[in-house]
1. Report yes if residue A:40 is buried (at least 22 other Cβ atoms within 10 Å of the Cβ) and in contact with a helix residue (DSSP H, G or I) (Cβ under 7 Å, 6 or more places away or on another chain), otherwise no.
2. In segment A:196-212, how many residues are charged (D, E, K, R), facing chain B (nearest Cβ under 10 Å) and touching a Leu at 6+ places or on another chain (Cβ under 8 Å)?
3. In segment A:236-266, how many residues are within 13 Å of chain B (Cβ to nearest Cβ) and under 30 Å from residue B:84 (Cβ atoms)?
4. Test each condition in (1) touching a residue at least 24 places away in the same chain (Cβ under 8 Å); (2) within 19 Å of residue A:172 (Cβ to Cβ); (3) surrounded by fewer than 24 Cβ atoms within 10 Å (Cβ to Cβ); (4) within 19 Å of the chain's Cα centre (by Cα) for residue A:260 and report the one that comes out false.
5. Can you name every residue in segment B:220-244 that is of a type in the set (D, E, K, R) and crowded, with 24+ Cβ neighbours inside 10 Å?
6. Test residue B:268 against the criterion of being surrounded by fewer than 22 Cβ atoms within 10 Å (Cβ to Cβ), in the same structural domain as residue B:203 (by TED's automatic domain parsing) and among the small types (Gly, Ala, Ser), and give yes or no.
7. Out of segment B:43-69, which residues are touching a strand residue (DSSP E or B) at 6+ places or on another chain (Cβ under 6 Å) and either closer than 20 Å to residue B:132 by Cβ or surrounded by fewer than 12 Cβ atoms within 10 Å (Cβ to Cβ) (or both)?
8. Restricting attention to segment B:219-232, which residues are modelled with pLDDT of 90 or more, under 29 Å from residue B:247 (Cβ atoms) and within 9 Å of chain A (Cβ to nearest Cβ)?
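The values are calculated or read from the model by the stated rules, or taken from the named source; none is laboratory data. Here the structure is a predicted model, which means the values were calculated and not measured. Heads up, the Cβs are rebuilt from the backbone with ideal geometry, glycines too, and the neighbour counts pull from every protein chain shown.
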Protein chains: 2
Amino acid sequence: MGSETSYADWIAVDWGTSNLRVWAMRASGPVADARSDQGMGTLEPEAFEPALLDLIEPWLGAAPMPVIACGMVGAKQGWAEAPYAAVPCPPVSLATVTPNVQDRRLVVHILPGLSQASPADVMRGEETQIAGYLADVPEFDGILCMPGTHTKWVQVSAGEVVSFRTFMTGEMFALLSTGSVLRHSMDDHWDDAAFQDAVRDGLSDPQALAGRFFGLRAEGLLGAPREGKARARLSGLLIGAELAAAKPYWLGQRIALLGSGRLAGLYADALTGEGAAPEMVDVTDATLRGLTAAYARLKDRL
Amino acid sequence: MGSETSYADWIAVDWGTSNLRVWAMRASGPVADARSDQGMGTLEPEAFEPALLDLIEPWLGAAPMPVIACGMVGAKQGWAEAPYAAVPCPPVSLATVTPNVQDRRLVVHILPGLSQASPADVMRGEETQIAGYLADVPEFDGILCMPGTHTKWVQVSAGEVVSFRTFMTGEMFALLSTGSVLRHSMDDHWDDAAFQDAVRDGLSDPQALAGRFFGLRAEGLLGAPREGKARARLSGLLIGAELAAAKPYWLGQRIALLGSGRLAGLYADALTGEGAAPEMVDVTDATLRGLTAAYARLKDRL
């Protein structure tokens with residue numbers, strides 16, 4: 001590589017707190033991809049360019065390569081700060097920020113995240129997934145549920161993000177299951193029925209949540225009937241309480257669930273159990289479509 | 001020391017997960033005390049006796065010394081398991097367990113904790129504090145609030161523990177403020193008014209709790225009016241949500257608050273803000289009175 005002609009037309013980058021993922025893009029779509037654990041959370045400002053080059057060097061040619069990036073790379077502690085666009089607004093703003101780079105073969109554009117004044121909230125990365133979904137379903141009027149460490153519920157109408165809310169459910173589960181006294185009650189066992197029961201418990205009586213966690217430990221100590229179901233119950237209680245708090249978002253609404261893997265499946269099960277019928281959307285596809293839409297609109301400037 | 005006559009009549013021991021505290025007791029009360037960080041959580045079974053001797057050796061004489069201990073030392077992973085007594089029952093059972101000891105100068109009795117079948121719950125150590133409080137106020141009919149890493153709400157009537165509920169509020173605060181993304185928004189600032197506002201928010205709308213945590217982070221990122229108040233707000237939201245869930249316990253009830261230091265003060269402020277009038281009881285005094293009451297009843301057996 002390093003030849004006169006480039007391997008790619010442009011490079012798509014999803015750069016989160018823990019991971020970096022890149023795709024070599026042509027008009028037809030992605031032709032190659034790579035990833036590393038060089039997430040924004042571990043990098044000093046001067047380390048971003050080398051971390052990116054580690055992955056994309058083989059795809060570069062003599063001409064400057066457009067790189068379109070979304071995610072925490074644009075945070076204040078990231079490579080270069082891309083100030084938030086305030087909702088209501090379209091999901092992706094073209095007010096990108098361009099960090100200084102040493103390597104003249106790179107022209108990097110970082111997409112801004114979104115902010116909401118009240119209740120205070122922010123997102124970085126999800127806005128690009130939303131744009132990707134709307135590129136496919138431009139008339140969408142409803143709710144996007146985006147499961148993750150910090151799950152987002154997003155109200156979309158007329159091509160704009162109207163409002164959104166972040167729940168730290170995934171992070172709470174990780175902290176409680178590995179860092180609290182409940183870790184002694186966790187095993188590898190997973191019980192789907194216990195999960196669904198716990199979702200219902202969390203959803204029907206969310207104010208009792210604070211008093212339920214220690215019960216998971218006590219059930220184990222006392223050999224109670226739910227012994228061995230603590231992991232599924234903890235997950236279900238937390239997701240159920242989230243569904244209760246997010247009910248104004250999803251109840252009676254059209255719902256698209258942008259996620260992947262096991263966690264998206266849990267949210268789908270929980271919502272389906274409550275009579276909702278979420279449309280499942282692959283989050284990687286949505287990210288790539290969103291970055292592609294931004295590239296198409298930025299191309300004249302690149 | 002080490003003389004024919006003992007320095008103490010007996011030795012009182014409060015042995016928790018993180019700390020060990022001992023008192024040399026005479027009929028008049030404590031004459032000396034000592035403490036270490038040799039909590040039950042760090043000790044293998046054979047390490048308990050040396051950890052105890054480290055602190056009490058100077059108090060021993062030729063005759064066997066009665067040692068009355070409460071707390072996690074009686075857990076399955078402790079020195080010797082003292083099986084739970086099931087509520088409803090008096091707070092302290094005399095079904096103590098006596099671990100094997102090498103040193104013939106020691107006769108150790110470990111007091112059992114309490115368990116509740118439904119909802120499943122357990123305590124170890126608090127039962128002795130409850131007994132201590134009831135030794136002073138035997139006619140008490142009401143609620144004990146016992147703030148800690150795991151706060152207990154205890155319904156007491158006719159000298160018995162009727163029911164209780166454990167809240168992991170203190171542990172949740174520690175995890176969220178030091179281990180989650182919210183740690184970036186914590187500073188040393190404390191705002192009493194923000195705490196009280198957050199207690200009210202948590203209490204009046206506990207089902208919204210799950211959606212409020214990330215707002216503490218976003219407020220900091222966006223320079224919102226509540227920037228810098230995240231620590232007090234996180235504490236207030238958690239305690240407010242606990243008060244909401246525990247409302248069947250405390251609303252309209254006589255309340256004694258057994259605690260110490262800053263955390264007890266926060267619970268007192270929160271309860272007082274809701275129109276309750278908790279009686280403040282020093283938890284160390286209650287522990288010693290409870291151990292003394294158990295010693296008095298066990299003395300014939302020792």
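1. In short, yes.
2. 1
3. 4
4. (2)
5. Within segment B:220-244, B:229, B:233, B:242 qualify.
6. yes
7. Correct list: B:66, B:67, B:68, B:69.
8. B:219
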